[in-house]
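Everything on this sheet refers to the single structure shown next.
The values are calculated or read from the model by the stated rules, or taken from the named source; none is laboratory data. Small disclaimer: the values here were computed from a predicted structure and weren't measured. Neighbour counts run over all protein chains shown; Cβ positions are idealised from the backbone, glycine included.
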Amino acid sequence: MELSPAYLQWREETLQKGRLEGRRLMVKNLLKHCFGTLDDALQKIIDPLSQLSPEESASFFFQLSREEFLARFGSPSTKLYRLPIPKLAKFRKAKPAKK
């Protein structure tokens, strides 16, 4: 059975919307977990954070304070969130030296 192009397009758009909504929910829950409550300022950064890949956005939660989140994502005109961030190596525990 061959599916119509209109159906295939609708299906792809629907799947993309579902993935984006899933990322929005993940970002919202992580912000809530990290900072307790979501005030207006934090609510405004959910969409910009949701546009990032899960790997990219997750790394920010290990490194940024509330103020840094707002500075990077608070204004849509600033593209600071595209600046490179340090690797997570400093958060990993060093293995004890073998004797």
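Cβ-Cβ contacts under 9 Å between residues 6 or more apart (or on different chains), taken from a first residue in the range 1-30 that is modelled with pLDDT under 95 to a second residue that is surrounded by 12 or more Cβ atoms within 10 Å (Cβ to Cβ) and not in a helix (DSSP H, G or I), are listed as 20/51; 23/51; 23/52; 27/45; 27/52; 28/38. Every residue in the range 35-46 that is in a helix (DSSP H, G or I), out of contact with any helix residue (DSSP H, G or I) (no Cβ under 6 Å at 6 or more places or on another chain) and either on the phi > 0 side of the Ramachandran plot or exposed (fewer than 15 other Cβ atoms within 10 Å of the Cβ) (or both), please. Of everything in the range 35-46, those that are in a helix (DSSP H, G or I), out of contact with any helix residue (DSSP H, G or I) (no Cβ under 6 Å at 6 or more places or on another chain) and either on the phi > 0 side of the Ramachandran plot or exposed (fewer than 15 other Cβ atoms within 10 Å of the Cβ) (or both) turn out to be 40, 43.
For the range 52-70, the candidate set comprises residues that are loosely packed, with under 15 Cβ neighbours inside 10 Å and polar (S, T, N, Q); within that set, the residue that is nearest to the chain's Cα centre (by Cα) is 53. The one condition from (1) hydrophobic (A, V, I, L, M, F, W, C); (2) modelled with pLDDT under 90; (3) surrounded by 15 or more Cβ atoms within 10 Å (Cβ to Cβ) that residue 80 does not meet is (3). None of 18, 22 is surrounded by 11 or more Cβ atoms within 10 Å (Cβ to Cβ) and in a helix (DSSP H, G or I) except 22.
Considering (1) at pLDDT 85 or above; (2) under 14 Å from the mean Cα position of the chain (by Cα), the lone condition that residue 74 does not fulfil carries the number (1).
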